[in-house]
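First the structure, in the form of structure tokens, and then the observations on it.
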Amino acid sequence: MAENKLKIMCIVGARPNFMKMAPIMSEIARRSDKLEAVLVHTGQHYDELMSDAFFADLEIPRPDVNLAVGSGSHAEQTAKIMLAFEPVVLNHRPDWLIVVGDVNSTMACTLVCSKLGIKVAHVEAGLRSFDRNMPEEINRLVTDVLVDLLLTPSRDADTNLLREGISPEKIKFVGNVMIDTLYKYLPRARHSKILNTLAVTPFNYGVVTLHRPSNVDDKKVFQGILEALGVISERLPIIFPIHPRSRERIKQFKLDKKMASYNVKLIDPLGYLDFLQLYSNSRLVLTDSGGVQEETTVLGIPCLTLRENTERPITIKQGTNRLLGTTRKKIEQEALSILNQPIGEPRRLEFWDGYAAERIIDAIVSA
Ligand code: UD1
Ligand code: UDP
């Protein structure tokens, strides 16, 4: 009977949430005799290519509720989500809330439910960049201090949480749920025609993604990175599916002409399957994305992270990922030296095995 089912409300809002929530939704559906999901989309990301495309590619059911909050300053966006979300929670009265990652939607929905006395599970708990200039670090700290169940992707995350005084009974190492999605959809991604469409051949091009405010909102920093890409692209053509924030900055900083002179193809953000096919066949990835650091690690694709720090040190330990900062010369040198090295091998990491969603739901059911 429906009333006896455990009601789990799941939150998505921004692009990196969809590939984390997809396997969780599918695991709840697999146990539909005992569990019931309510999917809430905050609307933090709303462009077709930043949101809807992932529902199609990853077979995520349509959200039961869309809060349609859209963009805004941090305070504005967080407050809008909280205001719109509270009545939804009061209406549905879930037994559990699941939030993933570190975006504003993650923190805002956690705040609402913890004040209403509804239990919250955080998937990807415990990651720390130790850099509070990053909005995501604030979101991680606030979320992790409030939630009832901290589901970690790697052992270093457990260590961080214990150091912060979180009680060990609340922490459960479940592995990386994003990698469930990667393994599930890799065979399907192989049918993508994106390489033909972009006229590139395997391992003869590089892929770039950039969207961190620290990299793209400061003209000098962004321009320096783009100039480095220009130099690299003389040896290796580059495909750059560009995030809307960064697209806006290129226009605002009048960098379009400069970009057009490089062998760098700026394209719209790609859907999950096309992007997977693209980066998994690339010679090199340059990024400031959290998720892309992990995905390239599993596939053994060399990744240069254009940041001073990372909340995902395990990717550095594996040797696939290198932290470079944003100095132009350093980016050029490292990228060009990788081109002289052999192509990497896929990696197997503990509990990055395709079964994290199962462990997540087991942990919630038995909490
Ligand atoms: C957000 C997350 C970041 C995550 C990233 C993934 C926070 C604080 N930041 O950053 O952690 O890595 O998503 O992609 O939660 N925009 C559009 N269309 C959209 C979405 C955004 O045009 O569908 C533009 C708007 O101009 C907006 C800007 O991008 O102001 C930034 O969007 P926002 O969600 O505030 O932050 P992101 O940079 O996307
Ligand atoms: N991604 C995608 N299309 C793109 C760029 C990224 O599907 O054009 C995927 C990527 O493979 C990963 C996720 O989006 O699964 C990462 O999201 P993003 O970089 O926006 O956020 P972050 O991980 O930095 O929070």
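The values are calculated or read from the model by the stated rules, or taken from the named source; none is laboratory data. This is a predicted model, so every value here is computed, not measured. Using ideal geometry, Cβ is built from the backbone for each residue, glycine included, and neighbour counts are taken over all protein chains shown. Protein only, heavy atoms only, side chains kept; ligands, DNA and RNA dropped before computing areas. Shrake-Rupley method; radii C 1.70, N 1.55, O 1.52, S 1.80 Å.
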Original post:
If only one of LEU146, LEU150 is over 17 Å from LYS20 (Cα atoms), of a type in the set (A, V, I, L, M) and modelled with pLDDT of 95 or more, which one is it?
Top reply: LEU146
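The rows are residues; the columns are (1) open to solvent by less than 10 Å² (accessible area, probe 1.4 Å); (2) in contact (Cβ under 8 Å) with a residue 24 or more places away in the chain; (3) touching a Leu at 6+ places or on another chain (Cβ under 6 Å).
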residue	(1), (2), (3)
GLU136	no, yes, no
THR143	yes, yes, no
LEU146	no, yes, no
SER167	no, no, no
ILE171	no, yes, yes
Original post:
Would it be correct to say that SER282 is more than 15 Å from ligand 1 (Cβ to nearest atom), open to solvent by less than 40 Å² (accessible area, probe 1.4 Å), hydroxyl-bearing (Ser, Thr, Tyr) and out of contact with any strand residue (DSSP E or B) (no Cβ under 6 Å at 6 or more places or on another chain)?
Top reply: no
Original post:
What helices (runs of 4 or more DSSP H) completely inside segment 174-221 contain at least 3 residues that are of a type in the set (Lys, Arg) and under 29 Å from THR327 (Cα atoms)?
Top reply: none
**OP:** Filter segment 1-48 for residues that are small (Gly, Ala, Ser), touching a Cys at 6+ places or on another chain (Cβ under 9 Å) and farther than 20 Å from GLY271 by Cα and give the result.
**Re:** ALA37
Original post:
In segment 295-320, how many are touching a Pro at 6+ places or on another chain (Cβ under 8 Å) and of a type outside the set (A, V, I, L, M, F, W, C)?
Top reply: 3
Subject >> Cross-chain or 6+ apart pairs with Cβ under 9 Å, segment 59-87 first and within 25 Å of GLU248 (Cα to Cα), then among the hydroxyl-bearing types (Ser, Thr, Tyr) and open to solvent by 60 Å² or more (accessible area, probe 1.4 Å) >> reply: ALA68/TYR46; VAL69/TYR46; GLY70/TYR46; SER71/TYR46; GLN77/SER71
**OP:** Could you identify the single residue in ILE316, ILE301, ILE361 that is crowded, with 17+ Cβ neighbours inside 10 Å, part of a helix (DSSP H, G or I), at pLDDT 95 or above and of a type in the set (A, V, I, L, M)?
**Re:** ILE361
**OP:** Scan segment 265-275 residue by residue and report those that are more than 16 Å from ligand 1 (Cβ to nearest atom) and either without any contact (Cβ under 8 Å) to a residue 60 or more places away in the chain or of a type in the set (A, V, I, L, M) (or both).
**Re:** LEU273
Original post:
Is there a residue being under 26 Å from HIS211 (Cα atoms), modelled with pLDDT of 95 or more and small (Gly, Ala, Ser) anywhere in segment 111-122?
Top reply: no
**OP:** Please identify the pairs in which a residue from segment 220-246 that is within 24 Å of THR197 (Cα to Cα) and more than 16 Å from ligand 1 (Cβ to nearest atom) has its Cβ atom under 7 Å from the Cβ atom of a residue that is modelled with pLDDT under 95 and open to solvent by less than 40 Å² (accessible area, probe 1.4 Å), counting only partners at least 6 apart or on another chain.
**Re:** ARG235/LEU339; LEU236/LEU339
**OP:** Take the residues in segment 218-264 that are more than 16 Å from ligand 2 (Cβ to nearest atom) and β-branched (Val, Ile, Thr), then tell me which one is least open to solvent (accessible area, probe 1.4 Å).
**Re:** ILE232
Subject >> Index of the failed condition, ILE179 passing every other in (1) farther than 22 Å from LYS329 by Cα; (2) open to solvent by 40 Å² or more (accessible area, probe 1.4 Å) >> reply: (2)
Original post:
Can you name every residue in segment 30-58 that is closer than 16 Å to SER105 by Cα, of a type in the set (A, V, I, L, M) and without any contact (Cβ under 8 Å) to a residue 40 or more places away in the chain?
Top reply: LEU39
Original post:
Of the residues that sit in segment 337-346 and are under 15 Å from VAL298 (Cα atoms) and at pLDDT below 95, which one is surrounded by the most Cβ atoms within 10 Å (Cβ to Cβ)?
Top reply: GLY344
Subject >> Scope segment 1-17; condition charged (D, E, K, R), outside any strand (DSSP E or B) and within 22 Å of ASN91 (Cβ to Cβ); matching residues >> reply: GLU3, LYS5
Subject >> VAL207 vs. criteria within 16 Å of ligand 1 (Cβ to nearest atom), of a type in the set (A, V, I, L, M) and touching a strand residue (DSSP E or B) at 6+ places or on another chain (Cβ under 9 Å) >> reply: yes
